[in-house]
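The values are calculated or read from the model by the stated rules, or taken from the named source; none is laboratory data. All of these numbers come straight from a predicted model, not from anything done at the bench. Positions of Cβ are backbone-derived with ideal geometry, glycine not excepted, and every protein chain shown enters the neighbour counts. Please note that ligands, DNA and RNA were not included when accessible areas were found on the heavy atoms of the full protein model with its side chains. Shrake-Rupley method; radii C 1.70, N 1.55, O 1.52, S 1.80 Å.
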Amino acid sequence: MRTEQSVEDYLEAVHVLALGGGPVHRSEVARRLGVSQPAVTKAVKKMQEAGYIRTEGMHICLTEEGEKRASEIYGKHVDIRAFLMKLGVPADEAERDACMIEHVIGDATYAAIRNFTGKAPGKNDKSGK
């Protein structure tokens, strides 16, 4: 897996977990992504170096820049999943495929998907995952 894709997956996971309202713990990130605690520790270091997160003990908090980037990634995921489901792809498969596509899709293709699904350009729907 490419490093940028991995960081995006971790940012998205932290963002989704933070939507629950409480603090995000490393163990929750590990569980959500199906990875080990040491893998989360390594990713946390990369995200801190990139300025996307800060830590408070065992809690992970997105910085303003991290929240912006995570919202973009998550919004793209939600839009792609909705598009695939509109095409008749079963929800579980649309979810899996959206996780992969969100990292490689070009801007023009993504804009066309948003147009097809009736989303205004630049307005990500952050509802449910």
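Is there a residue being open to solvent by less than 40 Å² (accessible area, probe 1.4 Å), more than 16 Å from His103 (Cα to Cα) and among the aromatic types (Phe, Trp, Tyr) anywhere in the range 46-64? I'd like the intermediate steps shown before the answer.
Taking the range 46-64 and keeping what is open to solvent by less than 40 Å² (accessible area, probe 1.4 Å), we get 47, 51-53, 60-63.
Checking which are more than 16 Å from His103 (Cα to Cα) leaves us with 47, 51-53, 60-63.
Applying the additional criterion that residues be among the aromatic types (Phe, Trp, Tyr) yields 52.
Checking the range 46-64: at least one residue is open to solvent by less than 40 Å² (accessible area, probe 1.4 Å), more than 16 Å from His103 (Cα to Cα) and among the aromatic types (Phe, Trp, Tyr).
The one condition from (1) modelled with pLDDT under 95; (2) within 15 Å of the chain's Cα centre (by Cα); (3) open to solvent by 30 Å² or more (accessible area, probe 1.4 Å) that Lys86 does not meet is (2). In the range 98-118, the residue that is most open to solvent (accessible area, probe 1.4 Å) out of those that are outside any helix (DSSP H, G or I) and either within 11 Å of Asp79 (Cα to Cα) or touching a residue at least 40 places away in the same chain (Cβ under 8 Å) (or both) is Gly118.
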